[in-house]
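Here's the structure, in structure tokens; my notes come after.
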Amino acid sequence: MFTKTLLVHLIVYCLSDFAYGNREDKFFRTDYNYLETTQAFYKIHTSKQTWGDAKRFCALEGASLFYPDDRAEANAVISLWQTIQPNVRWAFVGISDIVTEGVFETIDGKLVSEVYNQWQRGEPNDLNGDEDCVHLNLAGDLNDYRCDGKSYFICKKTLSSLVWDDLCNMPELGYTLFEAVGKCYKLHTTPLSWTEAHTVCHAEQTHLAVVSDQVEADYLANLTESAARRRIEGNYLKGMFHAGFHNRLHENWQTVRGSPIPSDASLWWDMHLPSEADHEQCGSMFYTGRLNIVNCDTKSLFICERQMDDSLGEEERYQ
């Protein structure tokens, strides 16, 4: 019989053709479309965000906020756009004059004159003095728009920038494999609410860590030690980390995967398993590895995980 560690090695080995095939097979994420003509992947987000949040969402997915390098790329992406999301009329792109008023440049510092710059007639006009970001329409025209306004947006990942994490079988996002349980983990040190943390994990196609036994609890407690040694600014609950269980649906406590929470009382702080009578509705973990519950709005650090047998793009039950 295989040991669990040997089994994990076997899984990684068997998946290696797929893992190493990320460039050869032109695969990034299941929610991105690859265009051969541009050698890049694109995703048209249908949830409206501010320009700054759009930029952050793309980064969370390991991509960047799209802007067309030239007319050929603009035409190729617009053709894809018309095919898969024809009802989306405008989308933020990675161009703004936030740094210097009147000087439009890309998110990587190129002047707009060096890239695709077909403006809609009369634009940019800085209407009311607060249009510093740019969006693109299906006709291929650029328009300046309020950065705090909300719009759809497009993310881009070039094939040449794609780096693959072979052990975790996913795009490189800073996860570490714990072979004993067959999971990959990432400690996030930007304090967020439970829901925000869940969103960040989901963007990385993972989920908030679900502790199932003492071995895993001990590993995560060790993982959080790095946070204790760092000076992390912000008003947040120190020594506590958001974990992947909740009662936000009021259907009894469950993990973000829809499974029952651990029933071993020794895993819980003060041997207390949460119940319907508790006012707090979200899960957490102390730095010691003991599980607890917390107000969902509480800001804290958090850990995301991905099981080795998860398929990329798997949707979580709670979103």
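Overview of values
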{"item": "Sole residue being of a type in the set (Ser, Thr, Tyr), surrounded by fewer than 19 Cβ atoms within 10 Å (Cβ to Cβ) and farther than 17 Å from residue 181 by Cα, chosen from 212, 226", "result": "226"}
{"item": "Qualifying positions in region 142-176 - touching a strand residue (DSSP E or B) at 6+ places or on another chain (Cβ under 8 Å), among the charged types (D, E, K, R) and at pLDDT 95 or above", "result": "144, 146, 150, 156, 157"}
{"item": "Residue within region 65-81 that is part of a strand (DSSP E or B), within 16 Å of residue 155 (Cα to Cα) and not assigned by TED's automatic domain parsing to the domain that holds residue 197 present", "result": "yes"}
{"item": "Scope region 90-101; condition out of contact with any Ser or Thr (no Cβ under 6 Å at 6 or more places or on another chain) and touching a residue at least 12 places away in the same chain (Cβ under 8 Å); matching residues", "result": "91, 93, 96, 97, 98, 101"}
{"item": "Checklist (1) out of contact with any Gly (no Cβ under 8 Å at 6 or more places or on another chain); (2) part of a loop (DSSP other than H, G, I, E, B) applied to residue 302, failing item", "result": "(2)"}
{"item": "Flag for residue 94 being in a strand (DSSP E or B) and either small (Gly, Ala, Ser) or surrounded by fewer than 16 Cβ atoms within 10 Å (Cβ to Cβ) (or both)", "result": "yes"}
{"item": "Search result, residues across region 251-287 that are assigned to a loop (DSSP other than H, G, I, E, B) and either under 16 Å from residue 194 (Cα atoms) or of a type in the set (Ser, Thr, Tyr) (or both)", "result": "253, 256, 257, 259, 263, 275, 279, 280, 281, 287"}
{"item": "Failed criterion for residue 75 (all others in (1) touching a residue at least 24 places away in the same chain (Cβ under 8 Å); (2) under 25 Å from the mean Cα position of the chain (by Cα) hold)", "result": "(2)"}
{"item": "Residues of region 35-64 classified as in a loop (DSSP other than H, G, I, E, B) and touching a residue at least 40 places away in the same chain (Cβ under 8 Å), total", "result": "5"}
{"item": "Checklist (1) at pLDDT below 85; (2) assigned by TED's automatic domain parsing to the domain that holds residue 181; (3) of a type in the set (Gly, Ala, Ser) applied to residue 284, failing item", "result": "(1)"}
{"item": "Filtered residue count, region 288-299, keeping only those that are under 30 Å from residue 167 (Cβ atoms) and either in a loop (DSSP other than H, G, I, E, B) or among the hydroxyl-bearing types (Ser, Thr, Tyr) (or both)", "result": "3"}
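For every residue, the table says whether it meets (1) in the same structural domain as residue 175 (by TED's automatic domain parsing); (2) outside any loop (DSSP other than H, G, I, E, B); (3) acidic (Asp, Glu); (4) touching a residue at least 24 places away in the same chain (Cβ under 8 Å).
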residue: 215; (1), (2), (3), (4): yes, yes, no, yes
residue: 220; (1), (2), (3), (4): yes, yes, no, yes
residue: 231; (1), (2), (3), (4): yes, no, no, no
residue: 237; (1), (2), (3), (4): yes, no, no, yes
residue: 245; (1), (2), (3), (4): yes, yes, no, yes
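Rundown of residues vs (1) closer than 26 Å to residue 308 by Cα; (2) over 23 Å from the mean Cα position of the chain (by Cα), yes/no style:
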{"site": "189", "(1), (2)": "yes, no"}
{"site": "194", "(1), (2)": "yes, no"}
{"site": "213", "(1), (2)": "yes, yes"}
{"site": "227", "(1), (2)": "yes, no"}
{"site": "244", "(1), (2)": "yes, no"}
{"site": "250", "(1), (2)": "no, yes"}
{"site": "253", "(1), (2)": "yes, yes"}
{"site": "270", "(1), (2)": "no, yes"}
{"site": "278", "(1), (2)": "no, yes"}
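The values are calculated or read from the model by the stated rules, or taken from the named source; none is laboratory data. Please read these numbers as outputs of a predicted model, since none were measured by experiment. FYI the Cβ positions are ideal-geometry reconstructions off the backbone, even for glycines, and counts take in every protein chain you see.
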